[in-house]
Structures are given as structure tokens and as C-alpha cells.
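Derivation of every value follows stated rules applied to the coordinates shown; laboratory data play no part. Quick caveat, the model's predicted, so the values are computed rather than measured. Note that we place each Cβ from the backbone using ideal geometry, even for glycine, and neighbour counts take in every protein chain shown.
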Amino acid sequence: MEYNFQQIEKAAKEFWQEQQVYKVSNESSKPKYYVLDMFPYPSGAGLHVGHPLGYIASDIFARYKVMKGFNVLHPMGFDAFGLPAEQYALETGQHPAVTTEKNIARYKEQLNNIGFNYDWTREVRTSDAKYYKWTQWIFVQLFQSWFNRKTQKAEKIESLMELFNKEGNASNPAPGDDTLSFTAEEWNLKNEAEQRAVLMQYRLAYLDHAEVWWCEALGTVLANDEVVNGVSERGGYPVEKKKLSQWFLRITEFADRLIDSLNNLEWSEAMKEMQRNWIGKSEGASVKFHLSPAISKGEEDASGVIEVFTTRPDTIFGVDFMVLAPEHELVNEITTAAQQAEVEKYVAYVKSRSERERQAEKKISGCFTGAYVVHPFTGKEIPVWISEYVLAGYGTGSIMAVPAGDDRDHAFAKHFNIPVTNIFGDLYNGEAAVSDKNVTIQNSEFISGLSVKEAAAKVLAALEEIGIGTRKINYRLRDAGFSRQRYWGEPFPVVYKGNVPYIINEAGANLPEAMQQLPLELPHVENYKPGPEGEGPLANIADWVMVTNNDGEILKRETNTMPGYAGSSWYFLRYMDNGNEETFASQNATDYWNQVDLYIGGTEHAVGHLLYSRMWTKALSDLGFLSFDEPFKRLVNQGMIGGSSRLVYRISGTNKFVSAGLKDNYTCDEIHVDVNIVDGVQLDIERFRQWREEYANAEFLLEDGKYICGSLLEKMSKRYYNVVNPDDVVAEYGADTFRMYEMFLGPIDVSKPWDTKGIEGVHRFIKKFWRLFNDEQTGWKVTDETPIDAELKVLHKTIQKIESDTERFSFNTAVSQFMICVNDLMDLKCNKRAILEPLVQLICPYAPHIAEELWKQLGNEGSIIHAPFPQWESKYTVENTKVYPVAINGKSRTELEFDLDADPAFVEKEVLANPVILKWLDGKEPKKFIYVKGRMINVVI
RNA sequence: GCGGGUGUGGUGAAAUUGGUAGACACGCUAGACUUAGGAUCUAGUGCCGCGAGGCAUGGGGGUUCGAGUCCCUCCACCCGCACCA
């Protein structure tokens, strides 16, 4: 019987479907294990062979854990809201719900084709109202919470209101506005709107004003990466910044916890570093420098201060000048009349430069303002400059420049001839700043001779004493924008009474009962054009936007929608209990499944999704809804699969193509050709002629009768014609071959190119595996003979290797081991059930379809999915002799076999009597004899 | 610039604690079977050399009886952040 994968795989899939073998229960006496794949966005392009890499790995691991006796949750669902569907709707008029549905159906078909063990009864879709009801609900929880810095936890907003009642906000400054200060009496005198305005400065989901890119010509708001060089990427229209009222998540309050708890996660160091860098915590001091009244613009500014943030307070005696960002609000105030013209000119110059220009050419530029500040310790006057190298958005937008200790400050000082104060003694040579932190501070009054750390502490104490400095921690992380001016996303369950936002079920809104319920469904629209003034398309539906409450007041709904990461920040929780209508997931379910034990996905979500999910989990945990505060215990990053493009060479100006080996003789144009009409590097000329009309009459210059293409490694992308669809590969070789080949390509975390040709080796292996059981002519050939030791040894060594390789995600070497095993059994002509049956169980996680078929042929009832993973026995894997490599001076020269417990003196005698060794000794006495038991033997001469 | 990672045959890659470098495949070469071969099977395949042998894990240096693996140094490439005070 021949290996007919189409038939075998179809039958296996139908059997799984019928028997519901992948259905997972929340009730089990087995230990649990949660394997999660990253949430796919169902794009119109479908999957290419790079996408399933991680899915295959997680599927293998999930199946392995099942066979090892775990209750395994391995779900799949779709991140179904998002911009591309809306963009497509704008272009074609098709409703996003329709195209999304279609794309999901296609994705599911492609996924099922590969034979994954998903429990589809747990599928979730973010665009489903039953799902986004809970996305909205979590938003409400965040709105009704604040972050208590003392407990480092999210708490209900009521606990904050109680504190205000008792003591004002003295001990709980507002994260949204640190100048806000009031007493209990003042709090109680505020009316509802005023109180709510205060609370807004604390809420974890809050409303603030933020700038977006507004494009008048397109009538829409653009994302940062849709704006290139100050114009829209599409169409090249001018864009301007527009201030809109937008929702934010106060993720910055969680910054410390997000950094600290990284230590308990099994993530790659690279991933953790990316998160740490993104959060960008730096510890230092905030220092206020008083403007010098003598030179400042007028006496009335005498009390003005420039506040800076520095991580090096120890260098304060090396401050030679101050630098403000050109956009800094003080610039106008402090500039002297004499410098006015020059400063204006410089500010105008900076404004004319785009972000890109500023980043591309880093020439030194700046301008003196004419103002001075006073050094807090020496009383020296320090000039204040402006320069674009200081960023308005980081710290306070101003720095104290220490040229002796900072490269940029040093370059600036040299460029403008500002004298440099040396605070590092001989270490500073006048040519380059000393950025080393392992130094002794000198020439610095009360901190001279101290280390950086000691000096910093002393300076801080001194600054605090005179009241102009405090210890300060600064973060690069910004609060996350949570509003999108789009249609295809979750609507906010928010109404505005005047300018004051209320959740639809808050008493203050006083909406009719029926309007207070979640979900607030996304209304159907007929067109997806943006609303007026940068608002989302929902703003166009007047009768949806305007609602009348029980007091007869007209309230306005929020017309923005939530961003893509809203739904994906908590989807892993919904899988645990996706049908629940009472809560996002029952406490029982979340307690049982707990953290995701293994999360596999790409690095592209390093600082977006993975950071937001962590914050949401922490908040939900703090508020008592979850018993864990980190979502993903172990994270494995899959590498990308690159495309291997194929090129043909057309002699310029002709329709004649030359084979790669001859192309250097002509002037040629390189043209990408569809990889699917090339076998390896050999072009299928007929299909090429059919590929495009213009090539129908193409001529060819061949080598050895073949047209050989050039090849190039690039991203797998439509525009390079190098996209390989898994469906095609599965149709030609079967899903089992495809799965094993993807794993065989190399380590899971390394990026590598796709090479369709290489799959044949794996396909041959599967066929050989099949032939251990079935002969193409004579049929079934498995016998019940008793296996010999050599066969048992092959089996048990393979079990041992597959187990350890699977445990450490070394799937490529596991596939190799299967190949070695089959080659060995072929050589041994082994067709014995006692060997082959455990082998079928062993390969089941990797090649589930063929395993299911052979399991049946072996006469077993039920699915192999429920069979255990085989156990290896050490009596078959432990050797009692060893073929030792025998080396002379570390170079192997021969091999000799000894018992593992051989007497060293005996070994030495035998080795030194060996003819090969004698030849190398050439009559000399060995200087040293090294015998490492079980490893090797080395003779030193 | 900073941080992280990777450099091994023509290609994808193995080598788990310092112990036979290149397992397993692709490709290539030769052969067998065959109407045919893009099926299957056999043998060979790091480089130099007729051979003995020598040289080989990005380059250079070191530790060691022994280094792809450890240390120092330089180089190249990839990823992330990027005038972050």
C-alpha cells in the first residue's frame, strides 16, 4: 500500500472532528498546561509559509504535553478589529464585518489544513459583541480606578475619594498634574463637574488632549507612520497637528512594576531588554537653577527658574552652560532684547526641519539667549543656550550641560567656544568628554575626591537642603493613547454631559435603564468616511450620537473607538471561559488555567501588545479579578522565514532572457519571477511564457538546455513574487511533511529562508517511515516478533532524544533523530510491532495524521491523541563500552574500544601497544597520558 | 552612539558539562533499475595534496594535555532603541 497522504490526512481530520478529540474541559484532575499562539489579525492576504512556524512549534508542544498527561489549553481566535478592514471598506464599500468574516473563514481553513489541535469551541473574535462587551467592561474598570503609589496597586476610585474627603490630596499627588493641590475642605466644596475633573487626573483610563496628525485633504487623522516628511504617505498632502480630546491609559504608573516583574519571567534577554529600554527608567535628580536677575529680561522674572533633570548630579560643578529645547516655553520669556532676533531665527530654522532631517544630519547648532542662571553652589553665572539636541518631550526639555562629562555637551562647547571646566583631573584631556562612571570627581568643592555615587548622594542632600533639588526618576514611557478616530473598533461606553464624560451606567448620566447596558454595540454604518474635525465616522450618525437622559438632557456619545490593542490585551483570559455571560471569565476558570505557560510568537509585539497585556493583567489582578499579575510566564520568539526570490535576466531593450551563468556577457535587467514557476533554480519556461502576456514570445539563452535563475534572500512579500502558500505545499507533500519540514529548517528562534526544494528530504523520510509498516507491493508487514537488543537500543535512544529535544524546543534536531532512527531500522530490516508501535506514539506530536492512520492499522481503538508518550528505559540507552578516540597531542589518530569500567593502567598499556600509536610515538617516551573515562584518551609527546 | 544577538562546507544546519568539528538533510558527482526520470536505490562529497599528511568553526592573541565552546582584542552582519540628559 502506497503512502497516500491526501487520503490519510483527510480521514484523520474527519475522525478528529467526529470524536471532538481536541475539546478541552476546565474540570480535570490532571495538571494544567496553557499553550498560546499570538493572536492573528485575519488579513486578506491569508497565511504564507512563514506564519505557521510558531503555530507548528506550539502545536507539537501542546500535543506532547497532552501525551505527557497534562490537561492542555491550546486555543485560537482572531484579532478582528483593525484598520486594514476599514481601509478596504473605504475603497470597496464592503462592510468590514463582511470582509473580516470572509478572511477569518480563509484563515481557519488554512490553519485546519495543517492539522492543529485547537479547541475551536473556545474561539474568540474581538469584533464579536459578546467579546467586546468585556473589553468595554475592563475599560470601565480602568476608568473607575486609580494607582495608589504607596501600595503600588490599582484601587477603586472610591478609595481615593475617601482619602480626599479626609485629607485632600496632600499625600497622593495627581499623576496627571503635579501642581494640583487641595485640602479636604476644598475637595468638599467642589461641585460634581469639578470633582470629576480632579479625578480625571488620577483615573487609569483618562481623558486628555493630545495632538494627532490631521490631513485636511484626506479629511482624516493619520498615524505617525502614515506621515512621511511632513506630508501624508498616501497622496503626499500637507498635514498639521491638531489637538483632540482623547482617551489614555495611565501605563506610566505601572512602569516600576513592569520593569521589576520582568525578572520573574522566562523571556529572552533581548525581549526583556526591549521592554526595559522602552520604559526607559533613569534615576537622577531634578534641579532648579535660578535665573540671574542682573541680566534677565526684567526684574519681574527674577524669581524664574529653569528646572532640569540630570542622571549625574555629581557633575554639578562641571556645569558650563544650560540648554533649553527650542520649543521650551521659557525661551521667549528669558531671551534678551539683544539676542531676540537671533533666537527667533534659530527657532524658525528648527521648525523648518522635519523629524527625519533632525535625525539624519546631526550637525551642531544652537543659539545663546542672552540669559544666565546662577550656579547654586558657586554662585557663578551660567549662560543659557537653546539647541535642537535637547528634546522638548523628554525630562523637562532642558539640561545642565557638563561638557567635561558628556559627549554632546562637549561637542557643543567646542563648537561655540564655551570654556570647559575640568572636574575629572588628568582623566580629561581637553579632547573628549569622560563618560566613564567609575571615576573620582575633582575640582568640585565639597565633593572633590569622592566617587560618582558618593558625590551624587552628597550633592542631592545639599540641593534638598536649600530646596532646589529632589531625587527624581524619569521614564521614557508615555501613557498609551487609547482613542482612534475610526469606525472598526470597540465603541466607548461613554457619554458626555457638557464636557464631562460619564460611563453609560453611572448615576450622574442618568440614562434610561435600557441604555445603560453593555455591550454598547457598534452601530451599522453605510459609509466609512471620517467625521467632521478629525472625529471618527461614528460622529456622522447623529441619532446614535445624541441621547436623551431621564432628566431630558441631551448627552453626546463618545465617537472615537478603541485601538487594536484593546481587544488583544486580554484575549488569553477569554479563552479560559469564552461562553461566560456573567463575567469576562469566571474566577474558577482563571484560577485553574492561571498564567499562560508557553507563549510563542514574533518579536514585533515586544513593546506594544506584550506591555499592554502585562498592564491590564496587573490592573485586573490588583482589583481582585485575577489571582496572578503576569500573563505570560514563558515566551518563545519564533524567527522569521524569509523569502528566497528568483530572478531572470532580460537583455536590456529586448525580450530575450539569459540564464544566470551567462548574464555577465550582456547588459541585463533583473526581473523578479514568481517562485512557484521555478523548480529550485530552474525556470519552467512554458509557465513563464504563460505567466504574463508580455513574456509569451520571450526568447531564451540557455545553459545545458536549462534556464537557471538567480536567487536573492528577501522578505517574503507579494511584490517580490516569492510568497509560498502553505496550502500549496500541503497539497503537494501533505501536512505532516510540511510540519516536520518547517521544524527541520533550523532552531525555532532563528530567522532563515524558505527553500521549497529542501522539503523533499523530509518527504522521503515520511515515506520511508510509512514503508516500515507497509510495503507498496505486499502490503502490511508489521510482525509480532521479539525485538533484538540493537532494535531496542535504537528505539529507546530515540525516545530519550525526542523527549529532551522537545522539552528544550530543539525541534530541528528532533526531526533529525527521527530520520536517524528510521535509517537505522531500515538497515536492521525491523518491522516489529514492539518497536514500531511506540515509534508511532513518539512521532504523533510532529506528524499527527500519519500517526493516527498507523495507530489504527496497528489495531488500536480510539485516537492516538489519548495514548501516552512512550517511556525510555536506561538499560537500553546506557552503553557499557566506549569506542574512545585516541589522540596524539590533542589530534585524533585512531579509535580503540574499552569497557567503561576498564582499569586505567590496562587502558594505558593497550593504547601504548597500538601500532598506530607506536608509529606516532616514533620511539619516544610519552610525556603524559590522559584518560578521561567515557570521553577520550590523549597521549602527549 | 547604546543595548541585544549571530558569524561553522556550495546551502539549511548539528556538536546538551572544554573531549572524534560538519550529525541530519538540500545540492552536486558517479553508478544501478528504467520507455522516461523531476520516482527509487547504491557510493562519494570541508579545503589543499598522487600519497604520507597538512589546513580548517569571521581575523589576531591567550588559558589548557585538548577550544566552535572559556578569556582578551579586532572585524562583519542582523534586530531593537536612537541627540533620552
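Brief remarks follow.
- Relative contact order for chain A: 13 percent, from Cα pairs under 8 Å spaced at least 6 residues apart, divided by residue count.
- Most positive-pole-ward Cα, A:L918, A:I864, A:L854, against dipole of region A:852-918 from beta carbon charges: A:L918
- Residues whose amide H comes within less than 5 Å of that of A:A174, counting only those at least five positions distant or on another chain, are A:L180 (H built at 1.01 Å from N in the peptide plane).
- A Förster radius of 51 Å combined with the Cβ-Cβ distance from A:T311 to A:Q195 puts the calculated FRET efficiency at roughly 0.85.
- Order of A:T100, A:T548 - criterion: other Cβ atoms within 10 Å of each residue's Cβ, fewest first: A:T548, A:T100
- Region A:879-940 - Rg (one decimal) and Dmax (whole number), Cα, Å: 10.7, 35
- In degrees, nearest ten, helix A:609-622 long axis to first principal axis of chain A (Cα): 70
- The convex hull around the C-alpha trace of region A:652-791, projected and averaged over every direction, spans 13.7 square nanometres.
- Beyond 27 Å in Cα-Cα separation lie the following of the pairs A:K718/A:K757; A:K13/A:K781; A:K801/A:K882; A:K288/A:K618: A:K288/A:K618.
- Karplus-based coupling profile of region A:587-593, in residue order and whole Hz: 4, 4, 5, 6, 5, 5, 6, with θ = phi - 60° in 6.51 cos²θ - 1.76 cosθ + 1.60 and x standing for Gly or Pro.
- C-alpha long axis of helix A:759-771 to longest principal axis of chain A, angle in °: 40
- Charged side chains reduced to their Cβ positions (Lys and Arg at +1, Asp and Glu at -1) give chain A a dipole of some 1640 debye around its Cα centre.
- Using every pair of separate Cα atoms, the Kirkwood estimate puts the hydrodynamic radius of chain A at 33.8 angstrom.
- Among A:E742, A:E273, A:E686, sorting on how many other beta-carbon atoms sit within 10 Å of each Cβ, with the fewest leading, yields A:E686, A:E273, A:E742.
- Within region A:282-474: Cβ-based charge dipole about Cα centre, in debye rounded to nearest 20 (Lys, Arg +1; Asp, Glu -1): 360
- Equivalent ellipsoid dimensions for region A:446-564 as semi-axes, Å, which come from the Cα gyration tensor, largest first: 51, 19, 12
- Burial ranking of peptide ranges A:250-257, A:439-446, A:900-907, A:463-470 (average Cβ count within 10 Å, highest at the top): A:250-257, A:439-446, A:463-470, A:900-907
- Protection proxy ranking, peptides A:913-923, A:850-860, A:715-725, average beta carbon neighbours within 10 Å, highest first: A:850-860, A:715-725, A:913-923
- Applying the criteria of a DSSP loop state and at most 14 other Cβ atoms within 10 Å to the GluC sites (Glu not before Pro) of region A:560-614 yields A:E581, A:E582.
- Dipole check for region A:641-723: with +1 at the C-beta of Lys and Arg, -1 at the C-beta of Asp and Glu, and the Cα centre as origin, the magnitude is about 260 Debye.
- Computed from Cα atoms, the angle from the helix A:848-857 axis to the main principal axis of chain A rounds to 30 degrees.
- 17 Å cut-off, amide nitrogen to a point 7 angstrom out along A:N588 Cα→Cβ, residues in region A:129-173: none
- Taking the Kirkwood radius as Rh and the Cα radius of gyration as Rg, region A:641-723 has a ratio of Rg/Rh equal to 0.94.
- Neighbour counts of other Cβ atoms within 10 Å put A:D736, A:D178 in the fewest-to-most order A:D178, A:D736.
- Label positions at A:A696 and A:T121, each projected 7 Å from the Cα along the C-beta direction, are separated by 5.6 nm.
- Within chain A, helix-based [θ] at 222 nm, where runs of 4 or more DSSP H residues each add -39,500 (n - 2.57), nearest 500: -10000 deg cm²/dmol
- Comparing A:C367, A:Y741, A:Y428 along the charge dipole axis of chain A, the residue lying farthest to the positive side is A:Y741, per the Cβ-charge model.
- Cα-Cα pairs of region A:803-941 separated by more than 24 Å (percent): 53
- Gain upon complete extension [A:E101, A:I466; 0.36 nm per residue less C-alpha separation]: 124.8 nm
- Amide H to amide H distances under 5 Å link A:Y34 with A:L73, A:D597, A:L598, where only residues 5 or more positions off or on other chains count and H is placed in the peptide plane.
- In sequence order, calculated HN-Hα J values of region A:525-537 (Karplus, 6.51, -1.76, 1.60; Hz; x Gly/Pro): 10, 9, 9, 10, 5, x, x, x, 6, x, 6, x, x
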